[in-house]
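Worksheet for the structure shown next.
The values are calculated or read from the model by the stated rules, or taken from the named source; none is laboratory data. Nothing here was measured: the structure is a model prediction, and the numbers come from that model. Positions of Cβ are backbone-derived with ideal geometry, glycine not excepted, and every protein chain shown enters the neighbour counts.
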Amino acid sequence: MAQKETGSEEIKVITLEKKVQAKNEEIAAANRERLNQLGILTLNLVSSPGAGKTTLLVETLEKLKNEYRCGVIEGDQQTSNDAERIARTGVPVVQINTHQSCHLNAQQVQQAFDQLPMENLDLLIIENVGNLICPAGMDLGEDEKVALMSITEGEDKPVKYPLVFSLAHVLVLTKMDLLPHLRFDLDQCKGYALQVNPDLLILETSSFDHRGLEDWLNFLRKRVQEKRSA
């Protein structure tokens, strides 16, 4: 009897998980349709905690805010610290606190649209909760995922957490100014990343000395123009 109950519980859990995922995909599709109609390039930034997403984002917005109309959705379990940093750039930002959840979902993003000037945006950047696992397979309606990885994290992150790197179109390596002080094999890291995703564009950046920042900005400029053309 105990085995049957366990099996029944497993079926219920699996069924519930499928329903939740299906509902998220439905809302994500609606988000994508709306963003496409408005011509807004939407990126979903995914990384582990402390990879430097917010620092890079602040530098990005300071450089691009006079070229494009930008907006940001900030995801964190608690606090509005990162959203406050973004707000100081003058770019509209919405904070979402997920509390116990380790990722944003499509419904939360959809609700955030109501607090942003959606009719007047060219670029929307979603900074997901710091986690390489949970946000990886969760569609928010974005055009593409961007994986960020600090070189302080070790070379093998792409093969240890392959899903996000396989789904991303670009990998942004951060804190490159620290390379001379670390035992980090850059070529091996790139090899691991391309092993997971041979088409991955890899950018090397530092928000401290601004190396590679222009390459990242040019990537964004190109994608915004492509979105407008589409």
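Of the residues 33, 10, 17, which single one is of a type in the set (D, E, K, R), modelled with pLDDT of 95 or more and assigned to a helix (DSSP H, G or I)? Before you say what the answer is, go through the steps one by one.
Working: 10 fails: modelled with pLDDT of 95 or more; 17 fails: modelled with pLDDT of 95 or more.
One residue alone meets the criteria, 33.
Scan 178, 194, 220 and give me the residue that is without any contact (Cβ under 8 Å) to a residue 12 or more places away in the chain, assigned to a helix (DSSP H, G or I) and surrounded by 14 or more Cβ atoms within 10 Å (Cβ to Cβ). Walk me through it before giving the result.
Details: 178 fails: without any contact (Cβ under 8 Å) to a residue 12 or more places away in the chain; 220 fails: without any contact (Cβ under 8 Å) to a residue 12 or more places away in the chain.
The match here is 194.
So, residue 160, is that one within 18 Å of residue 57 (Cβ to Cβ), basic (Lys, Arg) and at pLDDT 95 or above or not? Write out each step before concluding.
Details: within 18 Å of residue 57 (Cβ to Cβ): no; basic (Lys, Arg): yes; at pLDDT 95 or above: yes.
No.
Can you name the strands (runs of 3 or more DSSP E) wholly within the range 83-174 that have at least 1 residues being touching a residue at least 60 places away in the same chain (Cβ under 8 Å) and surrounded by 23 or more Cβ atoms within 10 Å (Cβ to Cβ)? So that I can check it myself, show each step before the final result.
On the way: elements: 93-97, 123-127, 144-150, 170-174.
Here the list reads 123-127, 144-150, 170-174.
Modelled with pLDDT of 95 or more, of a type in the set (Asp, Glu) and assigned to a helix (DSSP H, G or I), is that true of residue 187?
yes
Looking only at the range 116-138, how many residues end up being at pLDDT 95 or above and more than 24 Å from residue 217 (Cβ to Cβ)?
Number of matching residues: 1.
Taking the condition in a loop (DSSP other than H, G, I, E, B) and over 30 Å from residue 67 (Cα atoms), does residue 208 pass? Steps first, answer last, please.
On the way: in a loop (DSSP other than H, G, I, E, B): yes; over 30 Å from residue 67 (Cα atoms): no.
No, not satisfied.
Give the residues of the range 30-51 that are within 26 Å of residue 172 (Cα to Cα), surrounded by fewer than 21 Cβ atoms within 10 Å (Cβ to Cβ) and among the small types (Gly, Ala, Ser), sorted by residue number.
If the condition is that a residue be within 26 Å of residue 172 (Cα to Cα), surrounded by fewer than 21 Cβ atoms within 10 Å (Cβ to Cβ) and among the small types (Gly, Ala, Ser), then 39, 48, 50 are the ones that fit.
Could you look through the range 56-82, keep only residues that are at pLDDT below 95 and part of a helix (DSSP H, G or I), and pick out the one that is surrounded by the fewest Cβ atoms within 10 Å (Cβ to Cβ)?
Here the answer is 81.
Would you say residue 200 is touching a Leu at 6+ places or on another chain (Cβ under 8 Å), at pLDDT 95 or above and more than 19 Å from residue 49 (Cα to Cα)?
Details: touching a Leu at 6+ places or on another chain (Cβ under 8 Å): yes; at pLDDT 95 or above: yes; more than 19 Å from residue 49 (Cα to Cα): yes.
Yes.
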